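Comments concern the structure below.
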Amino acid sequence: MTTLSDLNRLDTAAFVERLHGIYEHSPWIPERAATQRPFASLAALKLALQDAVSLASEGEQLSLLRAHPELAGKAAIAGALTAESTGEQAASGLDRCSPDEYAALHELNAAYNARFGFPFILAVKGPTGQGLTRQAIIATFRRRLGNAVPDEMAEALRQVHRIAEIRLNGLLDIQLEFGPAIMDWAEQLGAISDDDDGLTCAYMTSAHRRTAAQLADWMRAAGMEIAIDAVGNVTGRYAATAPDAKTLITGSHYDTVRNGGKYDGRLGILLPLAIVRHLHARGERLPYHLELIAFAEEEGVRFRSTFLGSNAVAGRFDLSLLDTLDTDGTSMRTALQQAGHGSADLASTIPAIARDPATLLGYVEVHIEQGPVLLEKGLPLGVVTAIAGSSRYLLELEGLASHAGTTPMTMRRDAAAAAAEIVLLVEGRCSTGGSLVGTVGQLAVPDGSVNVIPGRCRLSLDIRAASDDERLAAVRDIFDGIDAICARRRIGLRVEKLLEAAAAPCAPRLMDGLGEAVQRAGLPRFDLLSGAGHDAMAMAAVTEVAMLFTRCGNGGISHNPLETMTADDADIAARVLLDFFRSYR
Ligand SMILES: [Zn+2]
């Protein structure tokens, strides 16, 4: 068996020889990485190999991609693959394709090669390392065939690195301590859904209650004391030896958007769960009480009001929301009562959830990034600097619906044309290169017809930035611009403000603690802004907060069944968080 210290000691030729099967027919990769030795950790070795590829010329990168065999292609059938590829393809059952599946793969291979000039590469052992099904492989193949060329080349290289990661685990006989359990739990929770296909777990539905019960069972089995509060938060407490110790809170939400991903929210619950299970098994206590809170609601799907769970813990739950109705006309109060939370007086049980800030050490949340930044950087983890503040508006433009054939261009009051100008104004004003982003996500011509000039147009506006000043300045400029557009085009304007949320900066002390743990794992510290809102934003009202982001696969897609991450990334995130917990004072 090879160990990391063996790899650090070998001469360059022997190092390259030992790693020859990690990257398909490309000894230049370990050769270039060899100069970075000694490696402090497996993560550092992986990163050095990856960097050798990133710094290579495009020609070298293409030659690496072209060194890979087709999936279930001619070479596989002829038994001409490397030992590594043969094993991987067989583990996914690619050697047992039906005639239809062979035909589909054959056709896809030809189309893919013609489009991109290299073979389709997929780590067929998948995110867990246990192997993708043939159906999943073929579906991914079809989807990626539609990618733009530069995006697909980047994705192919990422798959090459994932293949190398799995092969390195085999070579060094690495057993992931936390990752597989986290992935397995996420899969089990992902199967509990309000819908038959896809994952939907909306507030206080039957799937939501079953998810809470499952989490409580797991937390109890991991050695925690369990409480489920009046809004449905599931809290597991791992007590310190000293009863008067303060409390560090970690956690995230277990509700999902409609047809959402398995890791959004849940990762931040399951990862600390694996850590506490580990601590409990070792009989190890932390010098503070650790509370793991699975927040009942963050996404706002059922009652259109977000952060219900974390706002309750922060003492900011707005009791008037209890009268809000869902689309079936059920009030939140009734939904809570039906779920068994309403036996007592909610007006007193909900405020009682609030934590006393004086007892708290801080709040740390792990969350999948839900964007492409870490993926493009080739890093598994990032330290969040702040959660962006946001401003959201609904605009209604009123023009004049008139005949598309008879109204001269100079005599129109076209609401959609004004909206088009507004979309480009938002894009232009927000393209400053900083953290500012602006989006028109909804754009509609109500009751529009093909032969009628749009008389009305409805559009949304979402503007976010790390700094409130920067965001508010952009909002002012955009509304000045909108006024000018509407005046010039003689368009009426109605504005409804939907949301105004201040940015929540993370505490430098906690960020440094996370950053140092990342570095001790052999990875560079990389800081990034969270453009999405998270429970940490609500918790910032009562205590210092910090967040650790994990890399999001599939181009960074989230709020979607395609959301994905790997067992290896979950594992290193867990080891970093455990290290942070142990060193935290
Ligand atoms: Zn989330």
Practice problem: Among the residues of the range 357-370, write down those that are more than 16 Å from the ligand (Cβ to nearest atom) and not β-branched (V, I, T). | Solution: P357, A358, L360, L361, G362
Quiz item: When L45 is evaluated against the numbered criteria (1) part of a helix (DSSP H, G or I); (2) among the aliphatic types (A, V, I, L, M); (3) out of contact with any Lys or Arg (no Cβ under 9 Å at 6 or more places or on another chain); (4) touching a residue at least 60 places away in the same chain (Cβ under 8 Å), which criterion, by number, is the only one it fails?
Solution: (3)
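Yes/no matrix, rows are residues, columns are (1) of a type in the set (S, T, Y); (2) within 13 Å of the ligand (Cβ to nearest atom); (3) modelled with pLDDT under 95:
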position: I269; (1), (2), (3): no, yes, no
position: P272; (1), (2), (3): no, no, no
position: H278; (1), (2), (3): no, no, no
position: Y288; (1), (2), (3): yes, no, no
position: E297; (1), (2), (3): no, yes, no
position: V313; (1), (2), (3): no, no, no
Quiz prompt | T306 being more than 16 Å from the ligand (Cβ to nearest atom), surrounded by fewer than 23 Cβ atoms within 10 Å (Cβ to Cβ) and among the polar types (S, T, N, Q) | solution = no
Quiz item: Quick check: is even one residue across the range 83-104 over 23 Å from Q135 (Cα atoms) and in contact with a His (Cβ under 8 Å, 6 or more places away or on another chain)?
Solution: no
Quiz item: Within the range 343-370, restricting attention to residues that are part of a helix (DSSP H, G or I) and out of contact with any Leu (no Cβ under 7 Å at 6 or more places or on another chain), which residue is nearest to L248 (Cα to Cα)?
Solution: T359
Exercise. Taking G223 as the residue in question, decide whether it is open to solvent by 10 Å² or more (accessible area, probe 1.4 Å), in contact with a Leu (Cβ under 8 Å, 6 or more places away or on another chain), more than 16 Å from the ligand (Cβ to nearest atom) and over 23 Å from G556 (Cβ atoms).
Key: yes
Quiz item: Quick one: A504 ticks every box in (1) modelled with pLDDT under 95; (2) exposed (fewer than 15 other Cβ atoms within 10 Å of the Cβ) bar one, so which box is it?
Solution: (2)
Practice problem: Evaluate the range 481-494: report whether one residue or more is assigned to a strand (DSSP E or B), within 28 Å of E544 (Cα to Cα), in contact with a strand residue (DSSP E or B) (Cβ under 6 Å, 6 or more places away or on another chain) and of a type outside the set (D, E). | Solution: no
Quiz prompt | Residue count, the range 389-409 (criterion: in contact with a Ser or Thr (Cβ under 9 Å, 6 or more places away or on another chain), hydrophobic (A, V, I, L, M, F, W, C) and either open to solvent by 10 Å² or more (accessible area, probe 1.4 Å) or within 16 Å of the ligand (Cβ to nearest atom) (or both)) | solution = 4
Quiz item: What are the residues in the range 235-262 that are open to solvent by 10 Å² or more (accessible area, probe 1.4 Å), within 15 Å of the ligand (Cβ to nearest atom) and under 21 Å from A213 (Cβ atoms), if any?
Solution: K262
Self-check item: Residues (outside any strand (DSSP E or B), surrounded by 21 or more Cβ atoms within 10 Å (Cβ to Cβ) and within 16 Å of the ligand (Cβ to nearest atom)) located in the range 371-388
Solution: L374, A388
Self-check item: Leading residue by the ranking (nearest to the ligand (Cβ to nearest atom)) among those in the range 530-552 that are open to solvent by less than 30 Å² (accessible area, probe 1.4 Å) and in contact with a Pro (Cβ under 7 Å, 6 or more places away or on another chain)
Solution: T550
Quiz item: Has the range 348-358 got at least one residue that is basic (K, R) and touching a helix residue (DSSP H, G or I) at 6+ places or on another chain (Cβ under 9 Å)?
Solution: yes
Self-check item: Residue satisfying condition, being open to solvent by less than 30 Å² (accessible area, probe 1.4 Å), part of a helix (DSSP H, G or I) and in contact (Cβ under 8 Å) with a residue 12 or more places away in the chain, within set R115, R162
Solution: R162
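The values are calculated or read from the model by the stated rules, or taken from the named source; none is laboratory data. For clarity, every value in this text was computed on a predicted model and none was experimentally measured. Because the Cβ atoms are built from the backbone with ideal geometry, glycine has one as well, and the counts that use them run over all protein chains shown. Keep in mind that these areas ignore ligands, DNA and RNA; they rest on the heavy atoms of the full protein, side chains included. Shrake-Rupley method; radii C 1.70, N 1.55, O 1.52, S 1.80 Å.
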